[in-house]
Every structure is written in structure tokens, then in C-alpha cells.
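Okay, so here's the structure we're looking at.
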Amino acid sequence: MRCITTRSQLALPLAIVILISLSAITMASNAVIWSVQVPYLGSNGLPHDFTYFKAIKELGYNTVFLTIPWGSVEYGPNEYDFKVLDTYMNYTRALGLNVILVFFYSV
């Protein structure tokens, strides 16, 4: 599936939405996407572990809608930390889950 959008369609006031497929999408036209929204960190303020994503898969979801405050990955000018996001991407890839990343502005 290929999505072509213009720059103006992507310019949302407080959010940049990026669709990422972790595996080649060769879905049939009648395929259904079952997604669940996942906050970047758990209610305890810590990153989710593999069992969290495994439980999502076992519940029958095939897509994770991951909301990420930009301030969680950019700490200052040219200072980025994608370790948590990279870990999540490895978890979802191992489980065969698709990911929709939503970066939003945070201070």
C-alpha cells in the first residue's frame, strides 16, 4: 500500500503523523487493521517491556498507534535519544505488528 501526500497535508499544528510498516505490506484489499493506542511511557513513567507488546498481539491487534512527545526524543538542539523508540520498534518487528508513529509537540 502506498500513500502519497503533499507537504501541506502533513503540516498539522501540533502533530506529525508518520505511518511506518515494519514489514512489507502485502495486505489483501479486504484486510482489516486492528489497532490500539500506546502511550510512549507506561503509567509508572517507565518504558513498556516486551510482554506489554506481546499481550497486545495476543489480544488480536495487528497495529500499534504509538504516541510520542517530541520532547521525549529531543532533549535540546541536536541532542536526540531514540533508545526507547528503537527498543519498541524491535519488539513490534519481532511480533509482526505494524506501527503508526505520531510525534507531537511537547515542551
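The values are calculated or read from the model by the stated rules, or taken from the named source; none is laboratory data. What you see is a predicted model; the values in this text were computed from it and never measured. Backbone-built Cβ (ideal geometry, glycine too); neighbour counts: all protein chains shown.
Just to be sure before I move on: is Asn98 of a type in the set (S, T, N, Q) and crowded, with 17+ Cβ neighbours inside 10 Å in the structure I sent? Taking the combined requirement at face value, the residue satisfies it. Where strands (runs of 3 or more DSSP E) sit wholly within the stretch 54-107, those with at least 1 residues that are farther than 22 Å from Trp34 by Cβ and without any contact (Cβ under 8 Å) to a residue 12 or more places away in the chain occupy 74-76.
Would you check if Pro39 is surrounded by fewer than 10 Cβ atoms within 10 Å (Cβ to Cβ), out of contact with any Leu (no Cβ under 7 Å at 6 or more places or on another chain) and at pLDDT below 95?
Values: surrounded by fewer than 10 Cβ atoms within 10 Å (Cβ to Cβ): no; out of contact with any Leu (no Cβ under 7 Å at 6 or more places or on another chain): yes; at pLDDT below 95: yes.
Considered against the rule, which asks whether it is surrounded by fewer than 10 Cβ atoms within 10 Å (Cβ to Cβ), out of contact with any Leu (no Cβ under 7 Å at 6 or more places or on another chain) and at pLDDT below 95, Pro39 comes out as no.
If you check Ser29 against the conditions, is it among the hydroxyl-bearing types (Ser, Thr, Tyr) and either modelled with pLDDT under 85 or assigned to a strand (DSSP E or B) (or both)? Steps first, please.
Values: among the hydroxyl-bearing types (Ser, Thr, Tyr): yes; either modelled with pLDDT under 85 or assigned to a strand (DSSP E or B) (or both): yes.
Here the answer is yes, as Ser29 does meet what is asked.
Residues of the stretch 51-95 being acidic (Asp, Glu) and surrounded by 15 or more Cβ atoms within 10 Å (Cβ to Cβ), which ones?
Of all residues in the stretch 51-95, those acidic (Asp, Glu) come to 58, 74, 79, 81, 86.
Within the stretch 51-95, just Glu74 meets the criteria.
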